[in-house]
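The structure appears below as structure tokens.
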Amino acid sequence: MNSCCQLPLLLAFAVGDVICNVFSPSVWTRLCDKPAAPFVSGDFFGINIASSEDERCDDYVMERLRELNINQVRLAFSYCSFEGPAARFLDKLIENGFSVSLVVLPSSAEAGKMFSNSEAQEQWRKFVAEVLRRYARKVAFFEIGSTPNRKKWSGFRPWSYLRAWEIACEEARPYSVVLAGPNVQDFEPFYNAALLFAMRRTARSPEIHTNNLFVERVVEPEAYDHRVLGRWATGLLKLNLVKKARFLQFLGHRAGCRQTISTCKFWSTKRLQRWSSQPQDKKVDYLVRYLVLAATSGALARVYWGPMICWRDGLIDDRADGYPEVDHATFYHRVRGDIENLSVTPAFFALGYVARRLGGSRCDRAFSSIRGLSHFAFVGPEKEVFHVCWCRDGQAVGLKDIYSADQIARAVFTDACGKTISAPPAVNERPLFIDFPELEKQMFPARLPEMSPSDSGIIYLSLPKLQGIPWRCAAWRGAFNLRPECPNPSFGDALSPEKLPDHTELVVMRDRRNRLWNIAHPSDKERQLTVKLSRPRGLKRLTDRFKPSKGRRHWNAACIMLQRGINTPTPVAFFERPSQSSIRESYYICDYVPDAFSSRHVCHAFSQGQKEYRGLDKQQWFDFLTGFICRMHDAGVLHRDLSVGNLMLKQEEDGRITPFLIDIGRARVQKTPVDSYRRILDLIRICYKLDRRDRELFVASYEKCRGKALPSLWRLAVRYYDFKQGSKKSLKKRFRKQG
């Protein structure tokens, strides 16, 4: 029976396999989402590599591999490889004793024709036969094909991949080789189940089940995946990285595979830039957090990180323009940049450090919570005792809430790249390694706290110059930020609501529903802090009942803005009541920016006929202001009260101007850029003080910066806002006359 006749039968069997193995409720409930705390193999860590036409790149890559102390490498090999740098590089890797996983795959054009085109099949057969003849006894195992569930990348459809697998198995019979597959991209177990059991029926099961276990679509390694069956099932399925790995291992075992490995994983710098102004630091965080969870899942035999060299995805930046047509997750063809331009990123050192620390170690206890802390206790190959811990993004737990004072005093702290640091006041989203050099046996923390839902709603900064710290007393809770030059854990106590009356009020700027005043900085009398006391009254006590307190809203918005590179006065502290915080008084404290002026002054100057203001003409000012607003919207920040008085500016002595946002309690922040219609909500407010001609010029400048026109109804929205503001002013005048 030929392949075309077998297809309907295979599809019928595939449907049955998916129903039995993927839709079985007992499987989903039996598998646990918590780490299993096993032994971590010394060869657990691997990396995807490639070279370039420049032969010097071969030696460069091997030198970096020795620096990482990683011997397990993965190399892609296709029709173009025999005549290209891949064959030369592969021979050198084998000669230098590296354990190579060789990814054997056709070109994407030929993969698409593999099922029914006899010429494509014959070309594939000859290629596989030649690869096996040359390297059958020289590489660790052969991966057949790549990403069959991504036709746009690999050219494969499931049935064409099965035909390629069948041919490869026929050619492999004379050799004693290990075959791996099907290398499904992301977590799509329907493909894994259908392909694995079809592979077993058509030829033979792979000895190693491969999958590119990405988690980028949920951003954080610990997060539950909401995109499998929708958000309603997120808490029910609890599909985090650990449970996904165990489910893939389960499918592999059912199909006869002896191991499951993740063959490619990276976080794209381009994607990380959407969420953080420090994308390279976030890449370090996620790399370590992913690898610790994967290593302690007990489900994966190995994880190959990489690619090693690529400006967007790699651990080493090659500074090459553009991106290859075929994604690196499918075919990491070559290094595109020049060897002189290669630049090692912090994530490279993080991979080397975590591989050295975890390889060959035993995990005595693993704890990972969806809210708050993840904590792992290890004993290394030299019997050294160390812990690894971190929190989810934007969360923090005081170090003294985990360890006793004696434990902290005896500990040595290092960051994710292996740099020794002083004892931090809190554990945050940056992984922290804690060594206990004097201990000969494991010492567990006194307790491992888990945040309540209300506490986990507080955002804590983790930036090079700011560290968020939780704060609590009997009557209040909140947070404060520390700077490296002033790491005083009692700083929050000095600004607590009970101590605020002791600080002299330097100037009172507002005292109505909300009170706004300045005080001297407790640690630096030359600086001032602005204190905002929010006192919900009247209807606000009803409408704000189910919202966070206004102090917390200001604090969270400010922290997220700074994380995304949007300027606002540095948040210093906030305080709220633990119960009914939304309808009770709350405090928000931030740095006071001296000599600042608002965009109102800019608009007023040009409305009075001035040709320039503070050294810039009208077009230069509009380009500057719209550039900042557009960057804010692209970062997913919608201010929702962007009047000319809430966009502040500060000019330095050299003429450089820094914009920053104030009154941000109504701001909304999302993971994706703000859509066109909601951008108009901010623009109509900032344009209100401009005349009709200047509004057109301002919006044209915004559209130029964005590179895309706004919906034409923005003019109608501006007129509506004019009418709304005019009506409010008329009503206020009428009430004043009546009063």
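The values are calculated or read from the model by the stated rules, or taken from the named source; none is laboratory data. Computed from a predicted model, the values in this text were never measured in an experiment. Neighbour counts are summed over all protein chains in view; Cβ atoms, including those assigned to glycine, are modelled from backbone coordinates with ideal geometry. The protein model used for the area step is the full one, side chains on, heavy atoms only, and it has no ligands, DNA or RNA in it. Shrake-Rupley method; radii C 1.70, N 1.55, O 1.52, S 1.80 Å.
The modelled label-to-label distance for the pair GLU438/ASP54, using points 7 Å beyond Cα in the direction of Cβ, is 5.1 nm.
Between ASP401 and ARG719, the contour length at 0.36 nm per residue exceeds the Cα-Cα span by 109.0 nm. Taking every C-alpha pair closer than 8 Å and separated by at least 6 residues, the mean separation divided by the residue count of region 413-520 gives a relative contact order of 13 percent. The trypsin sites (Lys or Arg not before Pro) found in region 107-140 that occupy coil by DSSP, while having at most 14 further C-beta atoms within 10 Å, are ARG137, LYS138.
With Cα atoms defining each centre, region 213-234 and region 379-441 are spaced 28 Å apart in the structure. Annotation: lysines with alpha-carbon distance below 24 angstrom to LYS525 (same-chain offsets under eight excluded): LYS465, LYS499, LYS650. Full extension of the chain between VAL228 and GLU170 yields a length gain of 17.3 nm, computed as 0.36 nm times the residue separation minus the alpha carbon distance. For the pair SER727 and ARG510, a Förster radius of 35 Å applied to the C-beta separation gives a FRET efficiency near 0.90, rounded to the nearest 0.05. In percent, rounded to a whole number, the relative contact order of the chain is 9, using alpha-carbon pairs under 8 Å and six or more apart. For region 25-159, rounded, prolate or oblate, judged on the Cα gyration tensor with a ≥ b ≥ c (square roots of eigenvalues), a/c < 1.5 rounded, else prolate if a/b > b/c? Judged from the Cα gyration tensor, region 25-159 comes out oblate (a/c at least 1.5, b/c at or above a/b). Taking the protein heavy atoms of the chain in the context of the full set of protein chains, the accessible area attributed to carbon and sulfur is 50 percent at 1.4 Å.
Between region 262-325 and region 114-136, the C-alpha centres lie 32 angstrom from each other. The residues packed around GLY636, meaning those with a beta-carbon under 10 Å from its beta-carbon, carry a net charge of +3 if Lys and Arg are +1 and Asp and Glu are -1.
Shape class for region 622-710, computed from the alpha carbon gyration tensor (a ≥ b ≥ c): rounded, with a/c under 1.5.
Of the GluC sites (Glu not before Pro) in region 62-129, the ones in a loop by DSSP (not H, G, I, E or B) with at most 16 other beta carbons within 10 Å are GLU83. Between ALA605 and SER579, the modelled labels are 5.4 nm apart [label points 7 Å from Cα along Cα→Cβ]. The spacing between region 531-580 and region 156-187, judged by their C-alpha centroids, is 56 Å. Shown here for region 424-530: GluC sites (Glu not before Pro) in loop regions (DSSP other than H, G, I, E, B) with at most 10 other Cβ atoms within 10 Å, namely GLU438, GLU440, GLU485, GLU526.
For Cα Rg over 2.2 N^0.38 Å, the value computed from the atomic coordinates appears in the list [x] 1.09; [y] 1.96; [z] 1.03 under label [x].
Per residue, the chain exposes 44 Å² of solvent-accessible protein surface, assessed with a 1.4 angstrom probe and all protein chains in place. Between LYS92 and GLN280, the C-beta separation translates, for a Förster distance of 35 Å, into a calculated FRET efficiency of about 0.75.
Listed by chain and number, the aspartates and glutamates whose alpha-carbon sits under 15 Å from that of LYS34, ignoring those within fewer than 8 places in the same chain, are GLU222, ASP225, ASP364, GLU450. Each label point was placed 7 Å from the Cα along the Cα-to-Cβ direction; for ALA320 and THR202 their separation is 3.1 nm.
For SER598 and VAL412, what is the calculated FRET efficiency with R₀ set at 45 Å and r taken between the beta-carbons, to the nearest 0.05? For R0 = 45 Å, the calculated efficiency reads 0.35. What are the aspartates and glutamates whose alpha-carbon lies under 20 Å from the alpha-carbon of LYS689, with same-chain residues fewer than 8 places away excluded? Partners within reach: GLU612, ASP617, ASP623, ASP641, ASP663, GLU703, ASP722. Extension gain, ASP591 to LYS465, is 44.0 nm, computed as 0.36 nm per intervening residue step minus the present C-alpha separation.
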